[in-house]
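First up is the structure itself, then whatever we jot down about it.
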Amino acid sequence: LFKEADQIDLCFLVDTTGSMHPWIDTVKGSITSLWKRINRHFEASKDIRLAFVGYSDFDKLRQERTRVVKFTSSQTNYLRELSGIQASGGGDLAEDVMGGLCAVLDDLAWRENGTKILIHIADCPCHGREFHDNSISDDYLHGDPEGKHHHDVMGRLAENGIQYFFGKITDKTDRMVQVFDVSLREQSHQQMCITTFNATSGNTDQFKRTLESIVMQSTQRSLHVSIRADEKLRL
């Protein structure tokens with residue numbers, strides 16, 4: 001169990017519509033430093049893999065709405081894949097957040113144990129009047145047009161033990177994060193929640209420090225869970 005806790009799977013989930021260009025560049029510019037910082041902190045004892053899921057909206061064809069970079073332990077391969085991802089498109093303000101979250105769960109091979117981290121960065125909420133006020137233009141006020149539901153998604157995140165961090169850029173996402181958080185807490189029997197951090201500035205140096213803190217915090221949580229599981233096995 002302790003060896004498995006040394007595994008780190010970290011996925012960035014990022015809105016890739018036009019307004020998000022600075023934050024996509026910030027993620028790209030932080031990867032090399034993040035890898036070095038984690039290896040230095042843990043004396044290269046951690047098995048680290050990174051993935052990326054970018055999502056847009058229904059103004060694009062289904063195959064173009066999400067971009068997935070699968071988990072890899074190669075920094076070179078990861079950066080090469082990220083280099084082809086650019087911010088573009090976006091019609092109404094609400095975006096296909098559910099499609100992005102489902103890609104995180106369906107298209108990535110998360111390892112069963114260890115530390116699983118999802119870092120979601122967005123400036124607008126998902127579709128559905130439940131997730132935003134009337135100031136947000138939304139072509140699908142009744143919710144996801146493909147029938148995806150946040151309770152199902154939060155339940156799967158809880159079941160897989162994926163720790164959810166949200167980078168807040170604007171107040172537009174506040175209601176969505178609140179609704180997601182209530183569902184995640186319920187689905188995990190109050191064992192999990194969404195941790196929000198300030199991503200307003202898009203400052204690369206600040207973002208690097210935040211990422212390092214998230215990884216340290218998440219690995220400590222995973223180690224605590226591993227210790228509790230080991231104690232139960234001994235009983």
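The set of residues in the range 67-122 being in contact (Cβ under 8 Å) with a residue 60 or more places away in the chain, buried (at least 16 other Cβ atoms within 10 Å of the Cβ) and in a loop (DSSP other than H, G, I, E, B) consists of ILE85, ALA87, GLY90, LEU93, LEU108, TRP110, ASN113, GLY114.
Among the residues making up the range 124-135, those that are surrounded by fewer than 20 Cβ atoms within 10 Å (Cβ to Cβ) and assigned to a loop (DSSP other than H, G, I, E, B) are ASP133, ASN134, SER135. Applying the set (1) open to solvent by less than 70 Å² (accessible area, probe 1.4 Å); (2) modelled with pLDDT of 85 or more to SER45 leaves exactly one unmet item: (2).
Only residues that are under 25 Å from THR200 (Cβ atoms) and in contact with a strand residue (DSSP E or B) (Cβ under 9 Å, 6 or more places away or on another chain) were counted across the range 116-137, and they come to 12. For the range 136-194, a tally of residues being among the acidic types (Asp, Glu) and open to solvent by 70 Å² or more (accessible area, probe 1.4 Å) returns 6.
The values are calculated or read from the model by the stated rules, or taken from the named source; none is laboratory data. Every value quoted in this text rests on a predicted model; they were computed, and no experiment measured them. Cβ coordinates were reconstructed from backbone atoms using ideal geometry, including for glycine residues, and neighbour counts include every protein chain displayed. Side chains are part of the model used for accessible areas, which takes the heavy atoms of the whole protein and leaves out ligands, DNA and RNA. Shrake-Rupley method; radii C 1.70, N 1.55, O 1.52, S 1.80 Å.
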